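Structure, as structure tokens:
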Amino acid sequence: MCTLQTIPDLNNIQEEAVTIYHGSESIVSQPEIRIGKFTKDFYWGFYCTVLQGQAEKWAMRNRRFKIVNIYTLTNTKGLRCKQFPYMNEEWLEFIVNCRNGGSHDYEIVEGPMADDTIYNYINDYIDEVISKEAFWELVKFKYPTHQISFHSARALNCLSFERSYELDAVKRT
């Protein structure tokens, strides 16, 4: 199991600010929750990470403009938060539920990311193509991942937009 670079005590961030990143094709100074065609690991929400390099990878995905937005996360006290410090049975069942359209009551969820490869393994597990034991053998990470998702207006109010930057475009279309 891969340990995660988590935010200590997500339920009680007050004075201490945490820098987080969001990869996009535009500057997102006012984050919002958008309901899309597909549900995500932690359901619909606004997704960020503490890993700048990961946000840059998100920004590079099939986009004309490659923007990384930087936020400060503060004052989460009183919000309903859920943290998964590493992949475990609870994390797997939570993602399976969310990817199948199930919602939850958390305002912020933080934990490892199920990238495309992991997502395929999750689908195989859901479809009973592989066992839970086989899933755990397949998901051993070679690199850390991290995501933090915001699921309410109260949670989004804990974010302060700091700045953004554009990655050097390889080739503009």
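The values are calculated or read from the model by the stated rules, or taken from the named source; none is laboratory data. Quick caveat, the model's predicted, so the values are computed rather than measured. Virtual Cβ from ideal backbone geometry, glycine too; neighbours counted across all protein chains shown.
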Please work out if Y47 is farther than 23 Å from S164 by Cα and within 14 Å of the chain's Cα centre (by Cα). no
Restricted to the range 108-126 and to residues being of a type in the set (D, E) and either over 13 Å from the mean Cα position of the chain (by Cα) or loosely packed, with under 14 Cβ neighbours inside 10 Å (or both), the residue nearest to R80 (Cα to Cα) is D116
Within the range 127-157, restricting to residues that are among the β-branched types (V, I, T), modelled with pLDDT of 85 or more and more than 19 Å from G23 (Cβ to Cβ), the one that is surrounded by the fewest Cβ atoms within 10 Å (Cβ to Cβ) is V129
Q) Does the range 85-103 contain any residue that is under 20 Å from Q54 (Cα atoms) and assigned to a loop (DSSP other than H, G, I, E, B)? A) yes
Within the range 75-95, residues under 15 Å from M113 (Cβ atoms) and among the aliphatic types (A, V, I, L, M) come out as M87, L92, I95
Quick count over the range 31-63, residues being closer than 24 Å to P144 by Cβ and either in a helix (DSSP H, G or I) or in contact with a strand residue (DSSP E or B) (Cβ under 9 Å, 6 or more places away or on another chain) (or both), is 23
Those residues of the range 64-73 which are surrounded by fewer than 16 Cβ atoms within 10 Å (Cβ to Cβ) and part of a loop (DSSP other than H, G, I, E, B) amount to R64, F65
Inset, instruction - Say whether the condition of being at pLDDT below 90 and touching a helix residue (DSSP H, G or I) at 6+ places or on another chain (Cβ under 7 Å) is met by at least one residue in the range 80-88. - result: no
Here the residues within the range 50-100 that are within 13 Å of Y21 (Cβ to Cβ), touching a Ser or Thr at 6+ places or on another chain (Cβ under 8 Å) and of a type in the set (S, T, N, Q) are Q54, N69, T72
